[in-house]
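Read through the structure below, which is laid out as C-alpha coordinates, and then see the notes.
The values are calculated or read from the model by the stated rules, or taken from the named source; none is laboratory data. These numbers come from a predicted model, not from an experiment. A quick note on method: Cβ atoms are made from the backbone with ideal geometry, for glycine too, and the neighbour counts reach across all protein chains shown. Quick note on the areas: whole protein, heavy atoms, side chains included, nothing else; ligands and nucleic acids left out. Shrake-Rupley method; radii C 1.70, N 1.55, O 1.52, S 1.80 Å.
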Amino acid sequence: SVLDVASKLNDRYPPDTPLDRAEFLDQRGRIATRLGHNDEAETILQQALDITKREAPTNDTLLANAYANLGFVKSELGKVTESEKLYEAAVAATRRAYGDHHAKLAEMLSPYATVLDRAGKPAKADSVYRLVLDMRRKLLGEDHPEYAWTMFNYADWLRTQQRWSEAADWSRKVLKLRGKTLPDSHMAVATSMGVLGRALGHMDSLDVAEKYLRESLELRQKYLPAGHWLIASSESILGEDFVLAHRYAEAERLLLPAEKKLVEARGEDAPVVTDARVRIVALYQAWGKPVDAARWQQKVKAPAPQN
(Lines give C-alpha, C1' and ligand atoms only; values in the text may rest on other atoms or scores of the structure.)
Protein backbone atom coordinates (compact mmCIF):
# COMPACT_ATOMS: atom_id res chain seq x y z
CA SER A 1 0.00 0.00 0.00
CA VAL A 2 0.98 3.66 -0.27
CA LEU A 3 1.27 3.76 3.53
CA ASP A 4 3.73 0.87 3.54
CA VAL A 5 5.84 2.49 0.83
CA ALA A 6 5.87 5.77 2.77
CA SER A 7 6.89 3.94 5.93
CA LYS A 8 9.78 2.14 4.18
CA LEU A 9 11.01 5.41 2.70
CA ASN A 10 10.77 7.02 6.13
CA ASP A 11 12.87 4.23 7.61
CA ARG A 12 15.44 4.50 4.81
CA TYR A 13 15.61 8.29 4.98
CA PRO A 14 14.80 9.07 8.61
CA PRO A 15 13.46 12.48 9.61
CA ASP A 16 15.88 15.10 10.82
CA THR A 17 14.38 15.25 14.33
CA PRO A 18 12.24 13.04 16.58
CA LEU A 19 9.37 15.53 16.26
CA ASP A 20 9.49 15.16 12.47
CA ARG A 21 9.18 11.43 13.08
CA ALA A 22 6.21 12.04 15.38
CA GLU A 23 4.53 14.17 12.72
CA PHE A 24 4.96 11.41 10.14
CA LEU A 25 3.54 8.82 12.53
CA ASP A 26 0.62 11.10 13.36
CA GLN A 27 -0.25 11.53 9.68
CA ARG A 28 0.09 7.80 9.02
CA GLY A 29 -2.08 6.98 12.04
CA ARG A 30 -4.84 9.37 11.03
CA ILE A 31 -4.88 7.95 7.51
CA ALA A 32 -5.08 4.42 8.91
CA THR A 33 -8.03 5.52 11.04
CA ARG A 34 -9.86 6.88 8.00
CA LEU A 35 -9.29 3.56 6.25
CA GLY A 36 -10.77 1.71 9.22
CA HIS A 37 -7.44 0.14 10.26
CA ASN A 38 -7.95 1.09 13.88
CA ASP A 39 -5.69 -1.48 15.54
CA GLU A 40 -2.79 -0.33 13.37
CA ALA A 41 -3.66 3.32 13.96
CA GLU A 42 -3.72 2.84 17.74
CA THR A 43 -0.14 1.53 17.79
CA ILE A 44 1.15 4.25 15.48
CA LEU A 45 -0.60 7.12 17.27
CA GLN A 46 0.62 5.87 20.65
CA GLN A 47 4.18 6.06 19.30
CA ALA A 48 3.55 9.59 18.05
CA LEU A 49 2.19 10.66 21.44
CA ASP A 50 5.11 9.08 23.33
CA ILE A 51 7.65 10.94 21.17
CA THR A 52 5.78 14.22 21.53
CA LYS A 53 5.56 13.92 25.32
CA ARG A 54 9.27 13.16 25.52
CA GLU A 55 10.54 15.74 23.04
CA ALA A 56 8.06 18.59 23.54
CA PRO A 57 6.58 18.25 27.04
CA THR A 58 5.58 21.93 27.18
CA ASN A 59 4.28 22.33 23.62
CA ASP A 60 0.57 22.25 24.39
CA THR A 61 -0.49 22.65 20.76
CA LEU A 62 1.35 19.50 19.68
CA LEU A 63 0.32 17.61 22.80
CA ALA A 64 -3.36 18.46 22.41
CA ASN A 65 -3.46 17.09 18.87
CA ALA A 66 -1.53 13.95 19.79
CA TYR A 67 -3.80 13.22 22.76
CA ALA A 68 -6.96 13.81 20.71
CA ASN A 69 -5.91 11.72 17.72
CA LEU A 70 -5.15 8.73 19.92
CA GLY A 71 -8.30 9.38 21.94
CA PHE A 72 -10.41 9.21 18.79
CA VAL A 73 -9.11 5.82 17.69
CA LYS A 74 -9.41 4.44 21.24
CA SER A 75 -13.07 5.45 21.16
CA GLU A 76 -13.55 3.74 17.79
CA LEU A 77 -12.06 0.59 19.30
CA GLY A 78 -14.52 0.74 22.20
CA LYS A 79 -11.82 1.62 24.75
CA VAL A 80 -13.93 4.37 26.21
CA THR A 81 -12.19 4.84 29.56
CA GLU A 82 -8.81 5.32 27.91
CA SER A 83 -10.35 7.61 25.30
CA GLU A 84 -11.98 9.79 27.95
CA LYS A 85 -8.69 10.29 29.78
CA LEU A 86 -6.90 11.19 26.57
CA TYR A 87 -9.54 13.74 25.63
CA GLU A 88 -9.39 15.26 29.12
CA ALA A 89 -5.66 15.75 28.59
CA ALA A 90 -6.28 17.16 25.10
CA VAL A 91 -8.85 19.66 26.38
CA ALA A 92 -6.57 20.77 29.22
CA ALA A 93 -3.64 21.28 26.82
CA THR A 94 -5.86 23.20 24.39
CA ARG A 95 -7.04 25.51 27.17
CA ARG A 96 -3.44 26.20 28.14
CA ALA A 97 -2.51 26.94 24.52
CA TYR A 98 -5.54 28.97 23.41
CA GLY A 99 -7.56 30.03 26.45
CA ASP A 100 -11.22 29.45 27.27
CA HIS A 101 -12.83 31.19 24.27
CA HIS A 102 -11.26 29.90 21.08
CA ALA A 103 -12.48 27.91 18.07
CA LYS A 104 -9.74 25.33 18.68
CA LEU A 105 -11.13 24.60 22.13
CA ALA A 106 -14.62 24.10 20.71
CA GLU A 107 -13.13 21.76 18.11
CA MET A 108 -11.59 19.68 20.89
CA LEU A 109 -14.64 19.70 23.18
CA SER A 110 -17.00 18.39 20.51
CA PRO A 111 -15.57 14.84 20.24
CA TYR A 112 -14.98 14.87 23.99
CA ALA A 113 -18.74 15.21 24.47
CA THR A 114 -19.27 12.17 22.24
CA VAL A 115 -16.82 10.15 24.33
CA LEU A 116 -18.55 11.21 27.54
CA ASP A 117 -21.79 9.89 26.09
CA ARG A 118 -20.16 6.57 25.25
CA ALA A 119 -18.72 6.48 28.77
CA GLY A 120 -22.23 6.59 30.22
CA LYS A 121 -22.06 10.17 31.52
CA PRO A 122 -25.09 11.81 29.85
CA ALA A 123 -25.37 14.84 32.14
CA LYS A 124 -21.74 15.80 31.58
CA ALA A 125 -22.04 15.11 27.85
CA ASP A 126 -25.10 17.37 27.64
CA SER A 127 -23.23 20.16 29.43
CA VAL A 128 -20.22 19.91 27.11
CA TYR A 129 -22.39 19.81 23.98
CA ARG A 130 -24.20 22.94 25.15
CA LEU A 131 -20.89 24.67 25.82
CA VAL A 132 -19.63 23.84 22.31
CA LEU A 133 -22.88 25.05 20.74
CA ASP A 134 -22.66 28.34 22.61
CA MET A 135 -18.99 28.83 21.74
CA ARG A 136 -19.40 28.08 18.04
CA ARG A 137 -22.52 30.18 17.72
CA LYS A 138 -20.69 33.18 19.19
CA LEU A 139 -17.34 32.60 17.47
CA LEU A 140 -18.50 31.40 14.05
CA GLY A 141 -22.13 32.43 13.63
CA GLU A 142 -25.31 30.39 13.21
CA ASP A 143 -24.77 29.75 9.49
CA HIS A 144 -21.26 28.32 9.80
CA PRO A 145 -20.79 24.65 8.76
CA GLU A 146 -18.90 23.86 11.97
CA TYR A 147 -21.82 25.15 14.03
CA ALA A 148 -24.13 23.02 11.88
CA TRP A 149 -21.98 19.97 12.54
CA THR A 150 -22.19 20.58 16.29
CA MET A 151 -25.96 20.93 16.05
CA PHE A 152 -26.08 17.57 14.28
CA ASN A 153 -23.87 15.92 16.91
CA TYR A 154 -26.11 17.25 19.64
CA ALA A 155 -29.25 16.13 17.78
CA ASP A 156 -27.83 12.64 17.42
CA TRP A 157 -26.96 12.55 21.09
CA LEU A 158 -30.50 13.65 22.00
CA ARG A 159 -31.75 10.76 19.87
CA THR A 160 -29.66 8.30 21.89
CA GLN A 161 -31.31 9.71 25.01
CA GLN A 162 -34.74 9.13 23.42
CA ARG A 163 -35.45 12.85 23.52
CA TRP A 164 -37.13 12.51 20.15
CA SER A 165 -38.78 15.90 19.81
CA GLU A 166 -35.60 17.81 20.72
CA ALA A 167 -33.55 15.65 18.35
CA ALA A 168 -35.97 16.42 15.52
CA ASP A 169 -35.88 20.15 16.27
CA TRP A 170 -32.08 20.37 16.21
CA SER A 171 -31.92 18.28 13.03
CA ARG A 172 -34.33 20.66 11.32
CA LYS A 173 -32.12 23.59 12.33
CA VAL A 174 -29.24 21.96 10.47
CA LEU A 175 -31.37 21.25 7.40
CA LYS A 176 -32.45 24.90 7.24
CA LEU A 177 -28.87 25.59 6.12
CA ARG A 178 -29.18 23.13 3.22
CA GLY A 179 -28.45 24.98 0.00
CA LYS A 180 -27.36 28.02 2.00
CA THR A 181 -24.06 27.21 3.64
CA LEU A 182 -24.38 23.42 3.39
CA PRO A 183 -24.32 21.82 -0.06
CA ASP A 184 -25.90 18.40 -0.42
CA SER A 185 -22.42 16.91 -0.51
CA HIS A 186 -21.76 18.10 3.07
CA MET A 187 -21.91 15.19 5.49
CA ALA A 188 -24.12 17.10 7.91
CA VAL A 189 -27.01 17.12 5.42
CA ALA A 190 -27.36 13.35 5.02
CA THR A 191 -26.58 12.67 8.67
CA SER A 192 -29.13 15.20 9.93
CA MET A 193 -31.75 13.69 7.63
CA GLY A 194 -30.94 10.34 9.19
CA VAL A 195 -31.33 11.63 12.73
CA LEU A 196 -34.56 13.43 11.84
CA GLY A 197 -35.96 10.28 10.25
CA ARG A 198 -35.05 8.14 13.24
CA ALA A 199 -36.60 10.63 15.66
CA LEU A 200 -39.81 10.85 13.63
CA GLY A 201 -40.00 7.07 13.47
CA HIS A 202 -40.28 7.00 17.24
CA MET A 203 -42.89 9.77 17.16
CA ASP A 204 -45.32 7.65 15.09
CA SER A 205 -44.53 9.46 11.84
CA LEU A 206 -43.20 6.39 10.04
CA ASP A 207 -44.08 7.45 6.49
CA VAL A 208 -42.33 10.81 6.86
CA ALA A 209 -39.45 9.10 8.66
CA GLU A 210 -38.95 6.70 5.76
CA LYS A 211 -38.88 9.62 3.32
CA TYR A 212 -36.00 11.31 5.19
CA LEU A 213 -34.11 8.05 5.72
CA ARG A 214 -34.33 7.13 2.04
CA GLU A 215 -33.13 10.57 0.98
CA SER A 216 -30.26 10.36 3.47
CA LEU A 217 -29.26 7.01 1.98
CA GLU A 218 -29.53 8.36 -1.57
CA LEU A 219 -27.27 11.32 -0.76
CA ARG A 220 -24.64 9.04 0.71
CA GLN A 221 -24.83 6.75 -2.30
CA LYS A 222 -24.40 9.78 -4.55
CA TYR A 223 -21.52 11.52 -2.79
CA LEU A 224 -19.59 8.71 -1.09
CA PRO A 225 -17.46 6.04 -2.79
CA ALA A 226 -19.24 2.76 -3.51
CA GLY A 227 -18.90 0.43 -0.54
CA HIS A 228 -18.33 3.20 2.02
CA TRP A 229 -19.32 2.10 5.51
CA LEU A 230 -21.64 5.08 5.98
CA ILE A 231 -23.82 3.76 3.15
CA ALA A 232 -24.16 0.47 5.00
CA SER A 233 -24.96 2.40 8.17
CA SER A 234 -27.78 4.22 6.38
CA GLU A 235 -29.13 0.90 5.09
CA SER A 236 -29.13 -0.48 8.62
CA ILE A 237 -30.91 2.59 9.96
CA LEU A 238 -33.57 2.34 7.25
CA GLY A 239 -34.04 -1.29 8.29
CA GLU A 240 -34.68 -0.09 11.83
CA ASP A 241 -37.54 2.05 10.54
CA PHE A 242 -39.02 -1.00 8.77
CA VAL A 243 -38.98 -2.86 12.10
CA LEU A 244 -40.99 -0.05 13.70
CA ALA A 245 -43.44 -0.32 10.79
CA HIS A 246 -43.70 -4.14 11.30
CA ARG A 247 -42.17 -4.75 7.85
CA TYR A 248 -39.93 -7.46 9.21
CA ALA A 249 -38.91 -9.31 6.05
CA GLU A 250 -37.92 -6.03 4.36
CA ALA A 251 -35.99 -5.03 7.47
CA GLU A 252 -34.09 -8.32 7.51
CA ARG A 253 -33.08 -7.90 3.86
CA LEU A 254 -31.41 -4.61 4.79
CA LEU A 255 -30.10 -5.28 8.29
CA LEU A 256 -28.16 -8.52 7.73
CA PRO A 257 -26.09 -7.45 4.69
CA ALA A 258 -25.48 -4.02 6.25
CA GLU A 259 -24.05 -5.61 9.41
CA LYS A 260 -21.70 -7.74 7.33
CA LYS A 261 -20.46 -4.71 5.38
CA LEU A 262 -19.89 -2.74 8.58
CA VAL A 263 -17.85 -5.54 10.16
CA GLU A 264 -15.68 -5.76 7.04
CA ALA A 265 -15.16 -1.99 6.95
CA ARG A 266 -14.87 -1.08 10.63
CA GLY A 267 -14.04 -4.24 12.57
CA GLU A 268 -15.82 -6.24 15.23
CA ASP A 269 -15.32 -3.73 18.04
CA ALA A 270 -16.56 -0.58 16.30
CA PRO A 271 -19.55 1.13 17.96
CA VAL A 272 -21.32 1.30 14.58
CA VAL A 273 -21.18 -2.52 14.39
CA THR A 274 -22.64 -2.84 17.87
CA ASP A 275 -25.45 -0.49 16.88
CA ALA A 276 -26.20 -2.56 13.78
CA ARG A 277 -26.36 -5.76 15.83
CA VAL A 278 -28.64 -4.20 18.40
CA ARG A 279 -31.03 -3.38 15.53
CA ILE A 280 -30.96 -7.00 14.40
CA VAL A 281 -31.75 -8.17 17.93
CA ALA A 282 -34.68 -5.75 18.03
CA LEU A 283 -35.90 -7.07 14.65
CA TYR A 284 -36.05 -10.69 15.79
CA GLN A 285 -37.57 -9.79 19.14
CA ALA A 286 -40.35 -7.83 17.44
CA TRP A 287 -40.78 -10.57 14.81
CA GLY A 288 -41.27 -13.22 17.49
CA LYS A 289 -38.06 -15.12 16.73
CA PRO A 290 -36.40 -15.45 20.16
CA VAL A 291 -33.79 -18.00 19.05
CA ASP A 292 -32.46 -15.65 16.38
CA ALA A 293 -32.65 -12.73 18.79
CA ALA A 294 -30.61 -14.63 21.39
CA ARG A 295 -28.04 -15.67 18.78
CA TRP A 296 -27.47 -12.08 17.72
CA GLN A 297 -27.53 -10.81 21.30
CA GLN A 298 -24.45 -12.95 21.95
CA LYS A 299 -22.64 -10.96 19.25
CA VAL A 300 -23.43 -7.58 20.81
CA LYS A 301 -20.32 -6.21 22.44
CA ALA A 302 -20.80 -5.40 26.11
CA PRO A 303 -19.88 -1.84 27.11
CA ALA A 304 -16.24 -1.48 28.10
CA PRO A 305 -15.82 -1.55 31.91
CA GLN A 306 -15.42 1.88 33.46
CA ASN A 307 -12.74 2.62 36.03
- Message: Quick check on A155: is it of a type outside the set (K, R), crowded, with 23+ Cβ neighbours inside 10 Å and touching a strand residue (DSSP E or B) at 6+ places or on another chain (Cβ under 8 Å)?
- Response: no
- Query: Restricting the search to segment 28-46, which residues are of a type outside the set (K, R), within 17 Å of the chain's Cα centre (by Cα) and open to solvent by 30 Å² or more (accessible area, probe 1.4 Å)?
  - Reply: I31, L35, H37, D39
- Task: Output the number of residues of segment 97-114 satisfying the condition of being on the phi > 0 side of the Ramachandran plot and in a helix (DSSP H, G or I).
- Result: 0
- Residues in segment 115-138: is at least one aliphatic (A, V, I, L, M), more than 28 Å from R214 (Cβ to Cβ) and in a loop (DSSP other than H, G, I, E, B)? yes
- Task: Take S192 and decide whether it is crowded, with 24+ Cβ neighbours inside 10 Å, of a type in the set (S, T, N, Q), touching a helix residue (DSSP H, G or I) at 6+ places or on another chain (Cβ under 6 Å) and at pLDDT 95 or above.
- Result: yes
- Query: Residues in segment 82-103: is at least one surrounded by fewer than 18 Cβ atoms within 10 Å (Cβ to Cβ), under 24 Å from N59 (Cα atoms) and in contact (Cβ under 8 Å) with a residue 40 or more places away in the chain?
  - Reply: yes
- Contacts under 6 angstrom Cβ, first residue in segment 121-138 being farther than 16 Å from Y87 by Cβ and open to solvent by less than 20 Å² (accessible area, probe 1.4 Å), partner assigned to a helix (DSSP H, G or I) and β-branched (V, I, T), 6 or more apart: L133/T150; R136/T150
- Among the numbered criteria (1) of a type in the set (V, I, T); (2) buried (at least 16 other Cβ atoms within 10 Å of the Cβ); (3) farther than 24 Å from G288 by Cα, which single criterion is violated by I237? (3)
- Message: Going by what's in this entry, would G36 be described as on the phi > 0 side of the Ramachandran plot and either in contact with a helix residue (DSSP H, G or I) (Cβ under 6 Å, 6 or more places away or on another chain) or modelled with pLDDT under 95 (or both)?
- Response: yes
- Message: Quick check on segment 47-66: of everything there that is touching a Ser or Thr at 6+ places or on another chain (Cβ under 8 Å) and buried (at least 17 other Cβ atoms within 10 Å of the Cβ), which residue is nearest to S110 (Cα to Cα)?
- Response: A64
- How many of the residues in segment 158-189 are open to solvent by 10 Å² or more (accessible area, probe 1.4 Å) and either at positive phi or in a helix (DSSP H, G or I) (or both)? 13
- Return the total of residues in segment 240-259 being under 20 Å from S205 (Cα atoms), more than 20 Å from the chain's Cα centre (by Cα) and in a helix (DSSP H, G or I). 7
- For segment 195-213, which residues satisfy the criterion of being open to solvent by 50 Å² or more (accessible area, probe 1.4 Å) and not β-branched (V, I, T)? H202, M203, D204, D207, K211, Y212
